[in-house]
Amino acid sequence: MNARTRRLTQAGGYGAAVLAMVVGGGILTAPSAAASADNSLTFTNNALYFVDTCYEWQGPDGVEKKNYCHNARAKGATWKAYFPPEATGATVKVTFAGYTGGAPKTVTIDDADKDHCYNLEGVWPNVAEVLRVNC
């Protein structure tokens with residue numbers, strides 16, 4: 001191999017190494033997704049009630065536009081609510097249809113960086129519980 005070919009080969013090798021470092025560095029320094037983007041609240045209804053869950057997201061101004069409800073979930077149903085990416089927490093109002101034992105239950109979540117799971121238990125007309133469980 002002559003000297004000119006050797007220099008071109010070495011230059012190509014250096015160029016490939018630099019390119020790999022740039023691309024690899026770009027991957028390592030790319031901004032990560034918000035921690036709460038895939039985290040959720042999961043409810044399982046084991047109660048003898050239809051249940052509504054209404055979510056009031058906590059966080060910067062504008063996150064309240066993403067508030068919503070799941071209505072009339074029957075016994076045996078399981079459902080999820082995903083945290084909006086900018087949410088820092090949530091207040092969930094859990095209403096048991098026909099419950100005569102007091103006001104709707106409220107669940108407050110201050111950590112949107114992980115999943116939260118709840119079982120809904122109760123028997124009509126005056127027993128209703130929201131129990132936190134492991135996900």
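Values in this text are rule-based calculations from the coordinates and carry no lab data. Keep in mind it's a predicted model, so treat the numbers as computed, not measured. Positions of Cβ are generated from backbone atoms using ideal geometry, with glycine treated the same way; all protein chains shown enter the neighbour counts.
Could you give me the ³J(HN,Hα) list for region 50-61, computed from phi with Karplus coefficients 6.51, -1.76, 1.60 and θ = phi - 60°, whole Hz, x at Gly and Pro?
7, 10, 10, 10, 10, 10, 10, 6, 9, x, x, 3
Net charge around residue 120, counting only other residues with Cβ within less than 12 Å of its Cβ (Lys, Arg = +1; Asp, Glu = -1)?
Details: positive: 73, 75, 105, 132; negative: 52, 121, 129.
With Lys, Arg at +1 and Asp, Glu at -1, the net is +1.
Return the sequence-ordered ³J(HN,Hα) values of region 88-99 in whole Hz as given by the Karplus equation 6.51 cos²θ - 1.76 cosθ + 1.60 applied to θ = phi - 60°, using x for Gly and Pro.
For region 88-99, the Karplus-derived couplings read 10, x, 7, 10, 10, 9, 10, 10, 9, 4, x, 5 Hz, x marking Gly and Pro.
Using the charge dipole of region 40-133 (Lys, Arg: +1 at Cβ; Asp, Glu: -1 at Cβ; taken about the Cα centre), state which of 45, 104, 83 has its Cα farthest towards the positive end.
About the Cα centre, the residue reaching furthest to the positive side is 45.
Output wanted: per-residue J couplings in Hz (rounded whole) for region 76-85, from phi through Karplus 6.51 cos²θ - 1.76 cosθ + 1.60, θ = phi - 60°, x for Gly and Pro.
x, 7, 10, 8, 10, 10, 8, 5, x, x
So if I place +1 on the C-beta of Lys and Arg and -1 on the C-beta of Asp and Glu, and nothing else carries charge, what would the dipole magnitude of region 53-135 be about its Cα centre? I want it in debye, nearest 20. Intermediate results must be reported in sequence, preceding the final value.
Working: 9 positive and 10 negative charges, 81 e Å.
The calculated dipole for region 53-135 is roughly 380 debye.
For a quick check: with amide H placed at 1.01 Å from N, whose amide H comes under 5 Å from residue 77's, ignoring anything fewer than 5 positions away on the same chain?
Those qualifying (amide H under 5 Å, at least 5 residues apart or on another chain) are 45.
List residues of region 41-58, by number, whose backbone nitrogen lies under 18 Å from a label position 7 Å along Cα→C-beta of residue 111.
What the label zone holds, given the 18 Å backbone N cut-off, is 41-43, 58.
Using amide H atoms built in the peptide plane, which far-off residues or other-chain residues are under 5 Å from residue 48 H to H?
Amide H neighbours of residue 48: 122, 123, 124.
In straight Cα distance, which lysines are under 25 Å from residue 114, not counting same-chain residues fewer than 8 positions off?
Counting by Cα, and skipping residues close in sequence, residue 114 has these lysines nearby: 65, 66, 80, 93, 105.
Return the tail of the calculated pair distribution for region 40-133, meaning the percent of Cα-Cα pairs more than 21 Å apart.
Details: 1225 of 4371 pairs.
Of the Cα pairs, 28 percent sit more than 21 Å apart.
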